[in-house]
Every structure is written in structure tokens, then in C-alpha cells.
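The values are calculated or read from the model by the stated rules, or taken from the named source; none is laboratory data. A quick note: this is a predicted structure, and the numbers were derived from the prediction, not measured. Please note: Cβ atoms are built from the backbone with ideal geometry, for glycine as well, and neighbour counts cover all protein chains shown. For accessibility, only protein heavy atoms count, side chains too; no ligands or nucleic acids. Shrake-Rupley method; radii C 1.70, N 1.55, O 1.52, S 1.80 Å.
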Amino acid sequence: MNAFVEIISVALLITDLVLVISGRLLHSIRWVAIQGILLGLLPLLLHESGFGVQMLILAVINLSVKGILLPLLLIRAMRKADVRRELEPFVGYTASLILLLAATAICFGFCRYWNIAPGAASPASVPVAFTTMVTGLFIIIARRKAITQAIGFLIFENGISMFGICMMLEHGLMVELGILLDVFVLVFVMGIALFNINREFSHIDSDKLNSLGDWDLPAQNHKDGEAEQ
Amino acid sequence: MVLFDASLFLLAAGGILALISNRNDRIATICGLTGGLGGTLCGAIGAIRAFLTPEIRTVAEGAVIQQPEMMAAFFLMPVTILGAFAAIHSVGYLKHHGHGRLGIYWFFYNLMIASMILVPLSATPVTFLFCWEIMGLTSFALVAYEYHSRETMKAAWIYLLACHAGIAFLIPMFMIHLGIWQTANATLWLFLTGAIGFGLKAGLPGLHVWLPEAHPAAPAPVSSVMSGAMINLGIFGILTYAVKSNDHFLLYGYFLLICGIIGAFGGAVSAYAQQNLKRLLACSSVENIGIICMGLGFGFLGFGYQNNFMAVCGFTGAFLHILNHAVLKGTLFLAAGEVYRSTGTLNMDLLGGLMKRIPGTGRIFTLAGLSLSGLPPFNAFPGEFAIYLAGFAGLAAKSTLLFVISLAGILGLAVTGGVVCGVFAKAIGGTFLGEPRSSHASEAEKTPVSIFGAMTGLISLAVIMLVATPVMTLLLRKMPEMFLKTAGNEIAQHSNHLAGLMLKLTAASGIVLIFFIMIWLLRYMLLTGKSVEKGPTWDCGYAEPTARMEYTATSFARPLCKDINLLSCFKKHEQKPDGLFPESASVTVTAEDPATAAWWKPLFEFFGKIAEKVHRLQSGSLHWYILMMVIAVLAMLIWGFVFQTDKTAGQKDHGKVSVKKEVVK
């Protein structure tokens, strides 16, 4: 059975690498959906340790929510906000790929050196879970569009849930469902907010929304005063 | 306890209803005043009952607030009583400024009083710190009530910084108090951290930075409550949490006595130099806290040198002075607020002649000022007399060190008393006597009923307290017992002796007062039936007297502040007439606080620089923030795995799972 788990782990690692260099949003969303489906298959392949109802529920929920529902929502938000590409990311795609490869190496080294997860289903799965989390965080930090950040958050969640599944945590299902609800709400709100932000400001670049914060106000007042003088 | 529950409920309900009805000034005032008055009255009855019968005390298991013991009940009395009178005063004070914001005022006012009631009621350190913080924040909101003025906001920020600096010392104090933080010399550190933390609220010398700033900036009823009641809670904190009973009396005694001497003298001198009436009163609060600390210092020294009479005199004097100062300083701030309300300024150089325009306020201010100067027939004298007695008892003792420090205390108190008389002569003379020096003063408005009522009520309370001094001395005998539980009988004996002295003192005061009243009646009788003519001030001898001839408040203070310049706090900025036809010339005199100049300003500037550098981290970029959070989480994760797993080798899996969950959050 370990072989299947390892195949899926490697497949997940490949999706990570693809996601980090993908600039088109539709492409990214599709790959996130693939990642979700792979993740949904994972519990089904672990029946060595008991083909429980819990695992079945987890698989069904993962497949339906992460594989279908959330990507659909994201595509809908994308269409409404009328964005197609991630332009001018903070970190270029080549640099991103190199950084992610370095991070992958560190994750594998880290897990191996300290023997983080002796009870894991497969030696490759835990480092891949960490790599997926790092990918998600990296996309949140290094990309400009709000919708890409939602995708990043989804990837991050995939990493967490993969860790949970592979470690077969006791209350894995409950934790997993809780986080899933969070992500769902996030994507949902994001979809609505994106549409409205787009309508108000005609762009959805999250770094340009910074000027909405109140910490800029004194400086702006000052500038206004200077202008008046 | 029911009374306190009712009190807190009324205060909260009144505050919230006032906030909801903020749009309508009248309804907001009615809600806030009803809640405030009801709450403070319930609290006052509860406090007095708890003070008189401290035996009835039940502490429920796990409760966060408790029935107050005697000390807490004692400090609750000024809070509730002053809170009630200041609430009445607020109605008139805010009638003309503060449209549309009255609900906010009443919300914060009631919340502040509620938190001040909760501070002595707290049963656990966490509750205490929580209420203490609420007290600081609500009073900050009230200090910043007139937020349009730059000066006010500066004062409010200084106040907020002082509050939080205090908390920074109080948290380690409670850690030592609870035994979480174990050190050698725990008692010493407990006392020092407590003295600094609570001293920042109470205004011990050097730590008093916020008093001269925040008191003038706040609305008068608020500064009245802050000065009369809130700074006393700092003393309450020191006596309840920082001091351990039965030991180390010499440490407490010397520290408080030296602090007290410096504070009393320094406060009096810097009050003398002030131009702003409320700032003068604020400096005078520093002075009075100094006198209270001197009393407490003598009390602890008395216990330390087994001189129980000295201890009883010192403690009784300090506690009497706390009550008298609360009532009198409350009255003075309310009167100063009325001066500000009717004239629009607090600069004494622009006032003058108000005795003819707002006579009620003038008389009450004069009476309260004379009383607070510690002059014999009036209120503050019995307390200071007891402190003098303690000092003389120390002089008679055999220890040389005690002799020296007692002598210093007596001399300090005597000099302070003299300077304070000058301070109030300046305040009363500059504000109320003579002729108006500006249109502010000559066009003073009439006093509304609510303000006059509040001031009259407080000053009547002061008269009642003067009469009740011997009884209060007897009632206060249980307070020193809290620090030395073994000497109960002896303390009661000495206390009876002191009460006897106080009875004679009160009788003498009564005789003097009756004598004054008789002279006044005689004057009245002699003048009846004759025509009395009123002329302008200084009409005899001068052809056309103007207000420019009279002493201003600043020129009154010149000899002490310029020629002697005790604390070098008097700064003169002059522009001399230049050339043959000088166009302009001016002289302004400001009083700078030596402690502020010496270390608070450099300290604030230092922290300001650090804060500016740290502020760069807050660039406003979302991505940057997330990156920082990721770095922090990663650092914690690595720390958790690398350093923590070795220690808990037996529970390896458990440790990992819990670390993992942190990341999930």
C-alpha cells in the first residue's frame, strides 16, 4: 500500500511545483482542484490501517469540497472580477521555483534529520505535506492578486490536511472539518468581496488596497496641508 | 455586597443608556447622572458600612470580587463620595461645551467610577490588574475629552504612557507577590516594583510626570475625582500589595518618609511657580501625597523601632489626611472648573476680581484653600498635627538615625506648610481678589445651581469631618493593626490617647470658629442702620486705579522662584525693547518641572527613537505582515522541535502533535 501513498505524495509535490510557476489563474485553479482530488484519494489508499467510516467521510468531503466546490467558486470569482493572469508577482517565477526547490530540500532534510514523524504512513508523505504548506504560504506572500492569495491559502490547507491524514491523528476528522469550514468561508467571502472591490476600485491588487488603512492618513493629511500652502 | 452589586449595576446601566442616547443631550445627561448618582450613593453606603463593621466579611471560593476589608472600604469612601459630587458638578460644567458628546462623557465617567470601585474590591491579582487597566483607559478617554486641543492630546498621551509604565512594574510585582517569580530579597523587589508601579499612579516625587499635565487638561469633575480619589488608589495599592505585614518596617518607613519629604517640599515649590490654576492644584496634589507618605513613613518607622505611639500617630495622620485631601482637593478642582467655565481661561495672570463676580465659588475656594494649607482651625490641620506628633515622638527616641530623619521630616513638613500657605495666597489672590486683568475675568458668567450645589455639599462635608475628627481617629485605630497584628491592645491605648488630643484640638478649633463668627456678627450689628458704600478696589489715594497696577500671580511668586529659585523651575523668556522706537517687547514666564526635564524627557525621546525604528516594520504591506508571521511561526516550530523534544523525550509524539496544532491555528 505504501507504494500508492508514495505515488500520490510525489504527484502532490509535482502539483506544488506547477502551482508555484503558474501565472494564469485558471491554470492555477485547475491544479488546485487536481491537488484536492489527489488528497481526497489519499485516505482511501490507507485502508491498511482500517477502512473506517471516518476516512470515507474525509475522502468524500475532500473530493467534493476541494476538488469541485471551491475551485468552482474560485473560477466564478475570477470571472466576476475579470482577472486572468497574475501580473508582476513580487518574486519572479524562476526565482520562485528555485526557492521552492530549496524549501523542499530543507523540508526533507528537516524531517529526516530529526525523524519528525515515525508513525507516518510513508516516509515521503510528511515532508511533502510540509512542502505543500510552504508553497501555500509562499504564494500568499509573493503574489499580488487577492484571488491568488485565496489559492495560496487553499494550498496551505491542503498541506495541513495531508499531514493530518498521513499521521492518522485521533481527532483528524474534526480538526479537518473545522479548517475546511474556515477555508470555505474564506473563499466564499473572498469571492463576494473581490467582486465588490473590483467594482469600486477597478482592480484587485491587494498591495494597492494598503492605502485604505488608517495608518497612512496622517501622512496624507500632511501632504494635503503642504499642497494647500 | 448587595450594595456594591447594585452600585456597579447602576453605574454600568447609566453609562450604557447614556451612550445609547448620545444624540439627545438632555436624555443622556439624565441617564448618566441617575446611574452615576445612584451607583455612587449605593457604593458610599456600602463602603461606610464595610468600614464600620469590617468583621462581617465573607469570601466566596473562586470569586473575582469580594466584600471589602477595612482598608479597601476606607479607600472606597473618597471614590464614591467624590464621584457623586463630581457627577452633579458635571451637569452644569458640560452644559455649554460638549454638545452631542455628553453620552460619551457619561459612559466613560460611569465606567471610570465603576472601575475605581472595582479596584479595591478585587479578590485576585488578575482582576485587580484588569480593573486597574480599565481605570487607566477610561480616565485617559476622559482626559482626552476636549480632543480638539493639541495641549490636551499631549497631556492625554503622557497620561496613557505613565499608566502603562505603571503596569509594566505592576506585573512583575504581582509575579513576585504570587511566587511565580522567585528571587532573593523578594520583599525588597516586591516593595520597589510596587512603589514605582503604584507610585506612577499616586504621583510619588519623580514619578508624578502626568499629574501637572493631565489634571489641567481633563474636565474639572474628572480632575477632581482623579486628584481626590484615583491617586489615593495608588497609596492603596502600595499598602495592600507591595507591603507585607509584620516585617521590614524600616525599609518601608525610610523609603516612604524620604519620598514624602521630597514630594511634599518639591510639590509645594513647583505649585508656587505655576500660572495655570488647575496645574497649581495638581502640583499641590503631589505635595499632599508627599505629606501622606510622610505619615505612613513615620508609621512604619514607629513599628520598626517598637515605638507604637509614633506608629499610631503617623498612620492616623496619614489616613486623616487622605480623607481631608480628597474632600478639599475635590472641592478646589470643582471650584477651579467653575472659574474655567465662567471665564474661559485658567491663566491666573488673566484672572482677578472674581470674588465680586462669582462670590459663592470664591468663598468656597478660599475656605477649601485655607483648609488645605493646614492652618489651625480648619480641616487638614488635625492630620498634619498627628504627623507632627509622630515626628516629635521620633525625636524623643534614642536612635540617632531616627532622630535625624524625624528632624528632617518635621522641618520638611514645616517648610512645606509655609510654602503651601503662599501657594494658596497666590491662587486665591491671583484669581479672586483685586480687579479683573482681562475681559475673560470681567465678563465672568454666573454659577449654575448644580455646580454651586456640588461645591457647597463637599465643603459642608469637610466641616462635618472637622467636627468628627476625634471619632474618626478612634475608628482608624484598626488600620495600623493590619501591618502589625501583635500589638492590638497597645495600639488601641495610644489611639484613645490621640483621640483625646484630637478632641481638645477640635474643641479649640470650634472656639476659634465661634470667635470668628461672633466678630462677623458684631460687624453686622454695628453696620446695621448705617449706609454702606461700595467703591472700586484701591479707590483710596489713587486717582484712577487700573488693574495693571496690581500684582499678578506670577509677580507674586517671583521672590521665591526667581531670587531663591529652589528647584530652578522658573524659566523666563523675554524679548527686550530694541532700538529707539521699539515695536514689541514681551516677557513670559513658564514653570518647568525639574523631574520632567531631568529624566522623563530624555526617556520619552529615547523610546520615541526606538519606536520610530520599530515602526518601519509596520510598512502597511499585507504581504510583509504575512511574511513576518510565517517567520515567527517557523521560528517557533523549529524552536519547539529542536529544543523542546529533548527535554520531553518520553512523550515524543505528544509534544509533536501539540506543536503541530499551534501551526494550524
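Taking all protein chains as they are arranged and a probe of 1.4 Å, the heavy atoms of residue A:21 leave approximately 80 Å² accessible to solvent.
Quick check: from the Cα gyration tensor, does region B:369-474 come out rounded (a/c under 1.5), prolate or oblate? Cα axes put region B:369-474 in the oblate bin.
Against the empirical 2.2 N^0.38 Å (N residues), region B:1-223 has a Cα radius of gyration ratio of 1.05. Taking a ≥ b ≥ c as the square roots of the Cα gyration tensor eigenvalues, region B:461-609 comes out oblate, since a/c reaches at least 1.5 and a/b does not exceed b/c. Seen from residue B:341, the other residues with C-beta closer than 15 Å to its C-beta sum to a net charge of 0, counting Lys and Arg as +1 and Asp and Glu as -1.
Summarising the label geometry, the points placed 7 Å from Cα in the beta-carbon direction at residue B:524 and residue A:72 lie 9.4 nm from one another. Size of the protein assembly as shown from its Cα atoms: along the principal axes, largest to smallest, the extents are 116, 75, 54 Å. In terms of accessible area, using a 1.4 Å probe and ignoring ligands and nucleic acids, A:189, B:209 rank largest first as A:189, B:209. As I understand it, the dipole of region A:1-117 uses +1 on the Cβ of Lys and Arg and -1 on the Cβ of Asp and Glu, about the Cα centre. Which of A:28, A:54, A:5 lies farthest toward its positive end? Going by the charge dipole, the pick is A:28. For the pair residue A:97 and residue B:636, label points projected 7 Å from Cα toward Cβ lie 3.5 nm apart. Work from the charge dipole of the protein assembly as shown (Cβ charges, +1 for Lys and Arg, -1 for Asp and Glu, about the Cα centre) and give the residue of B:40, B:554, A:174 farthest towards its positive end. The residue sitting farthest along the positive end of the dipole is B:40. Computed over the Cα atoms of chain B, pair by distinct pair, the Kirkwood hydrodynamic radius stands at 26.7 angstrom. Note on region B:459-510: Cα Rg divided by 2.2 N^0.38 Å, N the number of residues, gives 1.27.
Cross-linked pairs B:201/B:244; B:244/B:329; B:278/B:446: Cα-Cα separations exceed 27 Å for B:244/B:329. What's the whole-number percent of alpha carbon pairs in region B:175-331 lying beyond 24 angstrom? That tail contains 32 percent of the Cα-Cα pairs.
Ordered by 1.4 Å accessible area with all protein chains kept, B:287, B:544 run largest first as B:544, B:287.
What does the C-alpha gyration tensor say about the overall shape of region B:106-186? Classify as rounded when a/c is under 1.5, otherwise prolate if a/b is larger than b/c, or oblate. Verdict is oblate for region B:106-186. Direction-averaged projected area, Cα convex hull, region B:282-392: 7.2 nm², rounded to one decimal. Spin-label model, residue B:345 to residue B:27: label points 7 Å out along the Cα-to-beta-carbon direction sit 4.1 nm apart. Only the Cβ atoms of Lys and Arg (+1) and of Asp and Glu (-1) were treated as charged; on that basis the dipole of the protein assembly as shown about its Cα centre amounts to roughly 440 debye.
Counting only heavy atoms of the protein chains and using a 1.4 Å probe, residue A:31 has close to 60 Å² of accessible surface. Among A:80, B:534, B:609, B:329, the sequence by solvent-accessible area, most first, with a 1.4 Å probe is B:534, B:609, A:80, B:329. Once the C-beta distance of residue A:105 and residue B:610 is scaled by a Förster radius of 30 Å, the resulting FRET efficiency is 0.20 to the nearest 0.05. Maximal additional length on extending the residue B:189-residue B:12 stretch stands at 60.0 nm, based on 0.36 nm per residue less the C-alpha distance.
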